[in-house]
């Protein structure tokens, strides 16, 4: 009799352990389904924004074409509002364009006047990013064949291209690595030292600085 009871106890324990294991697995499966449902719900909520972002370049391009502007096939197929090029690619395109029709090329520097004075791409036009909204209509021709936009490292010029592309400019070339990546001709005063500043502001101060050194 005791052997039978032990057998029943072992079987009962095994069944209980199996039931607990199944319950744990079912609970994990329910939690997984809840997570998937939450993720799917969030994805569906974001879907209209993602569609709008994907369609936005095309909407801007159609509006530009309706106004008589020309939009390149490359931009339309890639869903881009402006060309994305390295400094080396920009240099090649600038040299090629200047060799044929120099008046149709604009190189736009969107840095500060101080940065521009120290070093700039040869022939670049300064329109600081902070002043772009009030100056772009009068200083950046929208009929230029190519407008190359650069800053120091690429961030301000990217924002400038985004701004200009939404105002009808379809000929923009964003120089993603900025002046840091440019190996072509440059202009400017070079690095300004303390002694140079003193010489410009006060000859006596510069002489004193040299004597002190």
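The values are calculated or read from the model by the stated rules, or taken from the named source; none is laboratory data. Only a predicted model underlies this, so the values are computations on that prediction, with no experimental measurement involved. FYI the Cβ positions are ideal-geometry reconstructions off the backbone, even for glycines, and counts take in every protein chain you see.
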statement: From the option list 81, 108, 164, single residue qualifying as closer than 15 Å to residue 186 by Cα and either free of Cβ contacts under 8 Å to residues at least 24 places away in the same chain or surrounded by 19 or more Cβ atoms within 10 Å (Cβ to Cβ) (or both) is 108
message: Here's a check for you: in segment 64-78, which residue that is surrounded by fewer than 16 Cβ atoms within 10 Å (Cβ to Cβ) and assigned to a helix (DSSP H, G or I) is modelled with the highest pLDDT?
response: 74
message: Can you confirm whether residue 143 is exposed (fewer than 13 other Cβ atoms within 10 Å of the Cβ) and either at pLDDT below 90 or touching a helix residue (DSSP H, G or I) at 6+ places or on another chain (Cβ under 6 Å) (or both)?
response: yes
query: Which residue, of 92, 35, 111, 46, is in the same structural domain as residue 152 (by TED's automatic domain parsing), farther than 23 Å from residue 132 by Cβ and either part of a helix (DSSP H, G or I) or at pLDDT 70 or above (or both)?
result: 92
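Step by step: first the residues of segment 126-140, then only those that are touching a strand residue (DSSP E or B) at 6+ places or on another chain (Cβ under 8 Å) and surrounded by fewer than 18 Cβ atoms within 10 Å (Cβ to Cβ), then the one that is nearest to residue 112 (Cα to Cα). Which residue is that? Reasoning before the result, please.
Just the residues of segment 126-140 that are touching a strand residue (DSSP E or B) at 6+ places or on another chain (Cβ under 8 Å), to begin with: 126-127, 139-140.
Then keep just the ones that are surrounded by fewer than 18 Cβ atoms within 10 Å (Cβ to Cβ); that gives 126, 139.
Numbers: 126: 8, 139: 16 Å.
Residue satisfying both the conditions and the ranking: 126.
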